[in-house]
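Below is one structure, written out as structure tokens; comments come after it.
The values are calculated or read from the model by the stated rules, or taken from the named source; none is laboratory data. These numbers were taken from a predicted model, which means no experiment stands behind them. We place every Cβ from the backbone using ideal geometry, glycine too, and count neighbours over all the protein chains shown. Just the protein is used for accessible areas: all its heavy atoms, side chains included, with ligands, DNA and RNA removed. Shrake-Rupley method; radii C 1.70, N 1.55, O 1.52, S 1.80 Å.
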Amino acid sequence: MILYPAIDLKGGSVVRLRQGDMDQATVYGRDPGAQAKAFVAEGFEWIHVVDLDGAFAGASVNAAAVDSILDQAQVPVQLGGGIRDMKAVDAWLKRGVARVIIGTAAVRDPEFVKAAARAHPGKVAVGVDARDGRVAVQGWAELSDITALDLARRFEDAGVAAIIYTDIARDGLLGGLNLESTRDLAEAVTIPVIASGGLADIEDVRRLLAPENGAIAGAITGRALYDGRLNGREALAFVRAAKTAAV
């Protein structure tokens, strides 16, 4: 189980939103590269980055900020937000991103996602962002008619590296992960599923590591780290201890 610290980018700054609302952004820093370096110093082995402006624009907007993260991180970075064609996938992987996350295009052009996954094995993930069970697109501004499970099942046997499942209603609210829905999705598909949206404290990490949630491959944490509700070193130590005990 991997914990991914989140760096969400808006206007070049590190922010957190409430339920994906761009008008409810809290700025936590002006130097994304320094934030990435701080997360690595805490012991995180991956960093999760979202270009929020890019998600709405349909193309990368915060490229300079992402480059600064890549320069400072020294660990694998997964990136989402506005990646909607093969040119963008190729470009970001060439620039050093370890894994790209495709969300809106996974709904609108699944064949592109499958082609990208074939061309770049292990380097393409699908973002499944759901509100009331339906997948949201275009920076979460629009709801589609497809369910989270149906979208995930489109990519079985396509070579997709991971599904990143976000419960939008919980994102940024520190109300706890939607473990039940995440677990149901993880058990229904063979693709590794990463939980996102609402992780609040060390008790959430404890619940995430419970045996019944063993199908969940990882979790993303954002506001809890920035607000000091979750100590990164403590959380990582807890995860390592749980792994050791399982062995």
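For this structure, a couple of remarks:
- Odd one out for A63, checked against (1) among the aliphatic types (A, V, I, L, M); (2) closer than 20 Å to I83 by Cβ; (3) open to solvent by 60 Å² or more (accessible area, probe 1.4 Å); (4) free of Cβ contacts under 8 Å to residues at least 24 places away in the same chain: (3)
- Any hit, the stretch 78-98, residues being of a type outside the set (A, V, I, L, M), within 18 Å of E142 (Cα to Cα) and in a strand (DSSP E or B): yes
- Residues located in the stretch 112-150, provided they are of a type in the set (K, R) and within 21 Å of A88 (Cβ to Cβ): K114, R118, K123
- Residue count for the stretch 217-229, restricted to those that are in contact with an Asp or Glu (Cβ under 9 Å, 6 or more places away or on another chain) and of a type in the set (A, V, I, L, M, F, W, C): 3
- The set of residues in the stretch 204-227 being within 20 Å of the chain's Cα centre (by Cα) and among the small types (G, A, S) consists of G214, A215, A217, G218, A219, G222, A224.
- The residue of the stretch 119-140 that is nearest to the chain's Cα centre (by Cα), among those that are within 13 Å of R99 (Cα to Cα) and open to solvent by less than 20 Å² (accessible area, probe 1.4 Å), is G127.
- Restricting attention to the stretch 66-95, the residues being open to solvent by 10 Å² or more (accessible area, probe 1.4 Å) and closer than 17 Å to Q35 by Cβ number 9.
- The residue that is nearest to V50 (Cα to Cα), counting only those in the stretch 1-26 that are open to solvent by 50 Å² or more (accessible area, probe 1.4 Å) and touching a strand residue (DSSP E or B) at 6+ places or on another chain (Cβ under 7 Å), is K10.
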